[in-house]
1. Along the Cα→Cβ direction, 7 angstrom out, place labels at Ile264 and Ser46. What is the inter-label distance in nm?
2. Determine, at each q value in 0.12, 0.23, 0.24, 0.25 (inverse angstroms), the log₁₀ of I(q)/I(0) that the Debye formula gives when each Cα of the range 311-394 is one equal point scatterer.
3. For the range 242-284, what is the Kirkwood estimate of the hydrodynamic radius, computed as the reciprocal of the mean inverse distance between distinct Cα atoms, to one decimal in Å?
4. In nanometres, what is the gap between the two model label sites at Lys335 and Arg362, each 7 Å from Cα along Cα-to-Cβ?
5. What shape does the range 295-349 take by its C-alpha gyration tensor, where a ≥ b ≥ c are the square roots of the eigenvalues and a/c under 1.5 counts as rounded, a/b above b/c as prolate, and the rest as oblate?
6. Could you work out the relative contact order of the range 269-344? I mean the mean sequence separation of Cα pairs under 8 Å and 6+ apart, divided by the number of residues, in percent.
7. Where the accessible area of the range 360-451 is counted over protein heavy atoms with a 1.4 Å probe, how much of it, in %, is carbon and sulfur?
8. Please state the shape class of the range 273-424: rounded when a/c is under 1.5, otherwise prolate if a/b exceeds b/c and oblate if not, all from the C-alpha gyration tensor.
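The values are calculated or read from the model by the stated rules, or taken from the named source; none is laboratory data. No experiment lies behind these values; they were computed from the predicted model shown. Using ideal geometry, Cβ is built from the backbone for each residue, glycine included, and neighbour counts are taken over all protein chains shown. Accessible surface areas use protein heavy atoms only, side chains included; no ligands, DNA or RNA. Shrake-Rupley method; radii C 1.70, N 1.55, O 1.52, S 1.80 Å.
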Amino acid sequence: MNPGFMDGRRRKPAQAKLRILTLSWKLPCLLQLTGVLDDCFCDVESIDVFNNFKIYPQIKKLTERDYFRYYRVNLKRPCPFWPDDGHCSIKDCQVEPCPEVRGHSLPHCLSFSSTSECEQAKELGAINSTLSNQSKEAFADWTRHDDAQDHFCELDDETSPDAEYVDLLLNPERYTGYKGPSAWRVWNSIYEENCFKPRSVYRPLNPLAPSRGEGFYDWLEGLCLEKRVFYRLISGLHSSINIHLCAEYLLDEGWGRAVWGPNIQEFRLRFDTAETKGEGTRRLKNLYFLYLIELRALYKVAPYFERAIVNLYTGNAEEDGETKELLLSIFNKIKTFPMHFDEKSMFAGNKIEAKTLKEEFRLHFKNISRIMDCVGCSKCRLWGKLQTQGLGTALKILFSEKEIQNLPEHSPSKGFQLTRHEIVALINAFARLSTSIHQLHNFRLMLKEKG
């Protein structure tokens, strides 16, 4: 167990649980995060205890296994929606004309204080592509094995000649220096054009800034359940990513060695009730809501992995067996959670309208996954693509209940299939959410000690 999680002292489980449950009301000025979530019957406190004690330690171990630590991804695909302006701070650090931002002609390139900061952003955002010859030979073996399976979902990243395996443990999700209008453009494109928000509802250019006026969220409450869910999923993903960046922030580069750790000021800027005019609590509750959705998907897909025919192949039979055993133990823990999200309430109306809405839902999400190719930082693009792919896989699972129920025990499925790419993304995306909730607890402890 992480010592920071227990505040540096040993406690009995009951004492630790009580400490978690009471933190939310001890910090009313910082994080008014407590109680039941919107559109479901689960509460924040129950998720905290379940995740931090039962799920997080296990899912962290699972993502360190060879099957889950390598992700095949194409990071060279051009942005399909706007010209790739490069943004010197991230790509090759060349000073070049940048587009105007809200009428101001000051180039984004000049917003950096010095060339060294520009170089730093480039270095921090670069992908570590180091792989041993043994790993490369193993990947060729994995490909031969996967090609023998029955695939029914064509995934561009898997088939592209530009796709390559990346070691996720060598490329952790953390602060890279990617910021400003280039990053805002990506998130604003997601929120403005793909979250069912009316154009008449104004949202600040900076997606982290508080909205103007008390009625910003009135439009959300007027939407049907499915569209509210969609917005909360994207908002939850955004919150999770921001927590990772705050928890793994570059604190110091002295003596040629980078020091990473939690940045409380950055965390407060994004989530503090006063700093965000109350929006921070909404953002964090959406993180918990997203956690519930992906938790439910894992619960529903467990029968797929429990079949003897499914193996998590890396060529090492002993390790493969241990990896599957660890995965199944996590599924068993997930089955004990008493307050799962009920997805049956979605797309449950008129069949024709429900089918149209589901297709609209799917296309909006597909568009968001394509926007990830517009992220200017390679490492940010890697984790953005992985987490949207993981969420997309979770939605695919929730919409395939009948197919999963009819899976054959000893032969390949013709109605429902998951590729290695989808499996790795699904587990790592959920692990990121689990880590966010764990890190959120640590931030609460630090804020309590300071205040």
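1. 3.2
2. -0.67, -1.01, -1.03, -1.06
3. Details: mean 1/r = 0.0899 Å⁻¹.
That comes to 11.1 Å for the range 242-284.
4. Here the modelled spin labels are 3.0 nm apart.
5. Details: a/c = 4.02, a/b = 2.21, b/c = 1.82.
Prolate, because a/c is 1.5 or more and a/b exceeds b/c.
6. Details: 42 pairs, mean separation 19.3, N = 76.
Relative contact order here is 25 percent.
7. Values: 1450 of 3030 Å².
So the carbon and sulfur contribution to the accessible surface is 48 percent.
8. Values: a/c = 1.56, a/b = 1.31, b/c = 1.19.
In terms of gyration-tensor shape, prolate.
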